[in-house]
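One structure below.
Values in this text are rule-based calculations from the coordinates and carry no lab data. All of these numbers come straight from a predicted model, not from anything done at the bench. Glycine also receives a Cβ, built like all others from the backbone with ideal geometry; neighbour counts cover every protein chain displayed.
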Amino acid sequence: MTRILLTRHGHVDGIRPARFRGRAELPLTARGLAQADALAKRIARQWKPAAVYTSAMQRCIMTGNRVAEACGIPAEVYQGLGDIDYGAWQMRTHEEVEKEAPDAYRLWRQAPHLVRFPGGESLQDVVARTSDALRLMMARHREETVVLVGHDSVNRALLLQLLDQPLSAYWKLAQDPCGLSEIEIFAGGDVRVGFLNDTSHLEGIV
């Protein structure tokens, strides 16, 4: 059985008010660093992971490094965990995009599985990347626990696959900064979800 501890990077600018951050490099804020430290302490206290895999974006690397240091294990960048490419929408606010392209924005909110961002990716592209990540984790880490540090969109795509849900259910899964999910994948393909997007370790961080 492979246990995956799935988490999102810590807080960055552009979460509220919301922007399409995507491939933009954004450092963790002071709040984000505190969240990463709290996450690292919880994982080190509760599990013995073998490795940490992160997106190549600095916000994920910084979060993953805190976890790796607390657990005394290596952290490795895996390109397939990179955030979705929003193309021409990157770093635009939701209000700006909704005003400029109301039909496309409405489709993204109502039927995200039918959208390809102008000059960017679709959710199907993200699923292809993240399914490769799942196969890699199962091959490398049988009978081990690993930590994956990704992004809101990437983590939703991973969870939809693991829960055997359609991409149209994308908006039904919340992924808060440094929220933690526990998923066990058994050799026969069975999946057990222990918990989703648990943020109890972040209590008191503002």
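Structure notes:
- Members of the range 154-179 that are aliphatic (A, V, I, L, M) and out of contact with any His (no Cβ under 7 Å at 6 or more places or on another chain): VAL154, ALA157, LEU158, LEU159, LEU160, LEU162, LEU163, ALA169, LEU173, ALA174
- Residue satisfying all of: in the range 132-180; in contact with a Gly (Cβ under 6 Å, 6 or more places away or on another chain) and assigned to a loop (DSSP other than H, G, I, E, B); surrounded by the fewest Cβ atoms within 10 Å (Cβ to Cβ) among these: PRO177
- Qualifying positions in the range 186-206 - among the acidic types (Asp, Glu) and assigned to a loop (DSSP other than H, G, I, E, B): ASP190, GLU203
- Scanning the range 40-89 for residues that are among the β-branched types (Val, Ile, Thr), outside any loop (DSSP other than H, G, I, E, B) and touching a Gly at 6+ places or on another chain (Cβ under 8 Å), we see that the one that is surrounded by the most Cβ atoms within 10 Å (Cβ to Cβ) is THR63.
Conditions (1) over 26 Å from PRO112 (Cβ atoms); (2) small (Gly, Ala, Ser), marked per residue:
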residue: TRP171; (1), (2): no, no
residue: CYS178; (1), (2): no, no
residue: ARG192; (1), (2): yes, no
residue: SER200; (1), (2): yes, yes
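- Residues that are among the hydroxyl-bearing types (Ser, Thr, Tyr), over 26 Å from GLY10 (Cβ atoms), touching an Asp or Glu at 6+ places or on another chain (Cβ under 6 Å) and crowded, with 16+ Cβ neighbours inside 10 Å do occur in the range 94-109.
- Looking across the range 110-123, the residues that are part of a loop (DSSP other than H, G, I, E, B) and either surrounded by 15 or more Cβ atoms within 10 Å (Cβ to Cβ) or basic (Lys, Arg) (or both) come down to VAL115, PHE117, GLY120, GLU121.
- Odd one out for ARG106 among (1) assigned to a helix (DSSP H, G or I); (2) charged (D, E, K, R); (3) touching a residue at least 40 places away in the same chain (Cβ under 8 Å): (3)
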